[in-house]
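Asker: A single structure is presented below for examination.
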Amino acid sequence: MASTDNATFFAKADKYLMATGVPPSPVVITKAKGTRLYDAGNRQILDFTSGQMSSLLGHSHPEIVAVVQKYISELDHLLSNMITHPVVDLAERLARLLPAPLEKSFFLSTGSESTEAAIKMAKYYTGKYEIVAFAASYHGLTQGAGSATYSTGRRNGGPCVPGQIAFPAPYAYRSYFRKPNGSYDWEAEMDFGWAMVDRQSVGSLAAFILEPILSTGGILDLPPGYLRRLSAECKKRGMLLILDEAQTGVGRTGKMFAFEHDGVVPDILALSKTLGCGLPLASISTTADIERGCKEAGFLWLTTHLNDPLTAAVGNKVLEIVEQDNICQHAAERGAQLRAGLLKLQEKHWCIGDVRGRGLLQGIEIISDPETKAPGPDIGQAVSDRAMLCGLSCNVVSLPGMGGVFRLAPPVTVSAEEIEEGLQVLDEAFSYVLNTKTA
């Protein structure tokens with residue numbers, strides 16, 4: 001009966017839903033609670049992606065549910081110029097959590113909106129228009145954010161916004177830049193990158209936008225010292241540093257914000273995904289000086305859901321829970337457990353070429369040949385499919401020039417037992433796929 005129902009469901013979906021380039025999952029989820037998803041047959045699936053890397057505290061967290069119920073019945077949505085207590089409270093809490101001089105914030109709905117606004121702010125403040133981003137970047141697919149996205153989504157969309165410059169992504173596992181001992185020479189790679197920027201620029205460098213861990217680009221973690229050096233190079237050129245912490249912010253990496261690992265403070269910080277715990281909420285935070293410069297230049301940002309009270313109340317509660325429940329330490333501990341388990345899997349399964357990430361944002365890169373390190377997207381997809389059948393949802397990203405890379409980002413409320421459960425399913429999935437291919 002379930003298969004018949006699924007067939008009917010997908011037939012309707014195929015008829016009425018427009019294809020957006022994202023292949024649909026064959027599993028129909030009917031309920032999500034905590035770290036678990038449930039399909040139409042009430043089968044439990046452990047969620048190691050936090051939805052779309054967003055449900056930071058798990059699905060339907062009771063305190064979040066209570067806030068939504070309160071505000072949907074009392075104060076849901078207003079004219080965008082009507083400022084409410086939840087919005088001011090969230091801005092105040094963010095200012096307290098962020099290092100000086102970041103103290104001014106406003107709130108939108110999605111990550112693409114937040115990076116789009118941040119890029120526009122940089123252009124208004126500096127009076128310049130060139131935007132630099134990593135060659136493996138993903139900042140959204142709206143016009144400005146999409147123009148600063150190089151990992152995917154660029155083909156056949158027409159001209160990008162003028163002034164876009166790509167910078168070599170810090171891909172230690174595959175970089176051509178090596179020291180005599182074979183180790184990754186990120187300093188030489190960065191020198192090369194800035195030399196290329198300086199050659200291409202017409203003298204209008206406005207900002208460098210980046211994720212502290214490039215997620216869609218393959219869980220590329222910046223080497224120690226990288227962000228500090230990058231920040232210094234931006235300052236030399238009068239550029240702003242924009243950090244897009246859609247997936248790394250609000251405790252996931254073991255710090256409230258990932259940039260805290262490196263002791264660098266951005267000029268503009270964009271949060272989304274994790275801040276709303278699965279609801280559409282994004283924020284842009286900056287300094288009083290940059291706010292003043294944008295205002296003097298006539299900056300305007302107006303959307304239907306600018307500073308909405310309901311989602312702001314949710315964001316405030318999310319930050320409150322992360323603080324009161326010591327979520328950052330929990331993420332660091334469970335992340336260390338997850339990483340240790342993945343390294344053991346790497347020793348056991350030859351197709352795991354690399355393990356990388358921080359806290360509860362970990363990646364494993366799949367290869368098809370241990371000698372050449374040739375990408376193994378087919379193996380990765382087969383492992384992902386098998387894991388789903390065995391009760392684990394884990395996202396595999398397959399982009400040109402890289403192997404299939406698993407993004408593992410369970411809710412930060414995940415237990416030690418659930419980490420072990422997920423690792424066991426992955427182990428079984430790798431064993432099954434590799435044995436099947438060699439049989």
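Asker: Considering each residue of region 198-223, count those that are farther than 10 Å from residue 133 by Cβ and not in a strand (DSSP E or B), and give that number.
Answerer: 15
Asker: In addition: Just one of the numbered conditions (1) closer than 28 Å to residue 422 by Cβ; (2) more than 24 Å from the chain's Cα centre (by Cα); (3) open to solvent by 80 Å² or more (accessible area, probe 1.4 Å) is not true of residue 22; which one?
Answerer: (2)
Asker: A further question follows. Which one is surrounded by the fewest Cβ atoms within 10 Å (Cβ to Cβ), of the residues in region 258-274 that are touching a strand residue (DSSP E or B) at 6+ places or on another chain (Cβ under 7 Å) and part of a loop (DSSP other than H, G, I, E, B)?
Answerer: Among those residues, the one meeting the criterion is 265.
Asker: For region 201-247: of the residues being within 19 Å of the chain's Cα centre (by Cα) and on the phi > 0 side of the Ramachandran plot, which is modelled with the lowest pLDDT?
Answerer: Ranking the qualifying residues of region 201-247, first place goes to 218.
Asker: Which numbered condition trips up residue 140, out of (1) farther than 30 Å from residue 411 by Cβ; (2) at pLDDT below 95?
Answerer: Result: residue 140 passes all but (1).
Asker: From the set of residues in region 156-199 that are under 19 Å from residue 141 (Cβ atoms) and among the polar types (S, T, N, Q), which is least open to solvent (accessible area, probe 1.4 Å)?
Answerer: For region 156-199, the residue satisfying everything is 164.
Asker: With 29, 45, 72, 64 as the choices, which residue is out of contact with any strand residue (DSSP E or B) (no Cβ under 9 Å at 6 or more places or on another chain) and either at pLDDT below 95 or surrounded by 13 or more Cβ atoms within 10 Å (Cβ to Cβ) (or both)?
Answerer: 64
Asker: Which residue out of 157, 140 is part of a loop (DSSP other than H, G, I, E, B), of a type outside the set (A, V, I, L, M, F, W, C) and touching a Gly at 6+ places or on another chain (Cβ under 6 Å)?
Answerer: The conditions single out 140.
Asker: Here is a follow-up. Can you tell me how many residues within region 79-136 are assigned to a loop (DSSP other than H, G, I, E, B), over 21 Å from residue 299 (Cα atoms) and at pLDDT 95 or above? Outline the logic, then answer.
Answerer: Initially, region 79-136 is screened for residues assigned to a loop (DSSP other than H, G, I, E, B), giving 79-84, 98-101, 109-110, 127-129, 135-136.
Those left that are additionally over 21 Å from residue 299 (Cα atoms): 84, 98-100, 135-136.
Then keep just the ones that are at pLDDT 95 or above; that gives 84, 98-100, 135.
Of the residues in region 79-136, 5 are assigned to a loop (DSSP other than H, G, I, E, B), over 21 Å from residue 299 (Cα atoms) and at pLDDT 95 or above.
Asker: Between residues in region 356-373 that are under 30 Å from residue 257 (Cβ atoms) and residues that are open to solvent by less than 10 Å² (accessible area, probe 1.4 Å) and charged (D, E, K, R), which pairs lie under 8 Å by C-beta distance while being six or more apart or on different chains?
Answerer: These pairs meet every condition: 356/365; 359/252; 360/252; 361/252.
Asker: Can you tell which of 414, 396 is touching a residue at least 40 places away in the same chain (Cβ under 8 Å) and open to solvent by less than 30 Å² (accessible area, probe 1.4 Å)?
Answerer: On the way: 396 fails: touching a residue at least 40 places away in the same chain (Cβ under 8 Å).
Every option except 414 fails the conditions.
Asker: For residue 8, are the conditions met, namely being open to solvent by 100 Å² or more (accessible area, probe 1.4 Å) and not in a strand (DSSP E or B)? I'd like the intermediate steps shown before the answer.
Answerer: Working: open to solvent by 100 Å² or more (accessible area, probe 1.4 Å): no; not in a strand (DSSP E or B): yes.
No, not satisfied.
Asker: If only one of 163, 193 is under 27 Å from residue 111 (Cα atoms), in contact with a Pro (Cβ under 6 Å, 6 or more places away or on another chain) and either of a type in the set (A, V, I, L, M) or modelled with pLDDT of 95 or more (or both), which one is it?
Answerer: Sole residue among the options that is under 27 Å from residue 111 (Cα atoms), in contact with a Pro (Cβ under 6 Å, 6 or more places away or on another chain) and either of a type in the set (A, V, I, L, M) or modelled with pLDDT of 95 or more (or both): 193.
Asker: Taking residue 142, is it farther than 22 Å from residue 222 by Cα, out of contact with any Cys (no Cβ under 9 Å at 6 or more places or on another chain), open to solvent by 50 Å² or more (accessible area, probe 1.4 Å) and hydroxyl-bearing (Ser, Thr, Tyr)?
Answerer: Judged against the criteria, residue 142 is a match.
Asker: While we're looking at this one, here's another question. Quick check: is even one residue across region 105-124 touching a strand residue (DSSP E or B) at 6+ places or on another chain (Cβ under 8 Å), open to solvent by 50 Å² or more (accessible area, probe 1.4 Å) and in contact (Cβ under 8 Å) with a residue 60 or more places away in the chain?
Answerer: yes
Asker: Next question. State yes or no: is residue 127 surrounded by 21 or more Cβ atoms within 10 Å (Cβ to Cβ) and of a type outside the set (A, V, I, L, M)?
Answerer: no
Asker: For residue 72, only one of the following conditions fails: (1) touching a residue at least 12 places away in the same chain (Cβ under 8 Å); (2) of a type outside the set (Asp, Glu); (3) farther than 11 Å from residue 314 by Cβ; (4) part of a helix (DSSP H, G or I). What is its number?
Answerer: It fails just one condition, (3).
Asker: Give region 164-192 a look and list any residue that's touching a residue at least 24 places away in the same chain (Cβ under 8 Å), in a helix (DSSP H, G or I) and either charged (D, E, K, R) or under 17 Å from residue 212 (Cα atoms) (or both), or say none.
Answerer: 186, 187, 190
The values are calculated or read from the model by the stated rules, or taken from the named source; none is laboratory data. In this text, all values refer to a predicted model and were calculated from it rather than measured experimentally. In this analysis, Cβ positions are derived from the backbone assuming ideal geometry, glycine residues included, and neighbour counts consider all displayed protein chains. Accessible surface is based on the protein model in full, side chains and every heavy atom, while ligands, DNA and RNA are left aside. Shrake-Rupley method; radii C 1.70, N 1.55, O 1.52, S 1.80 Å.
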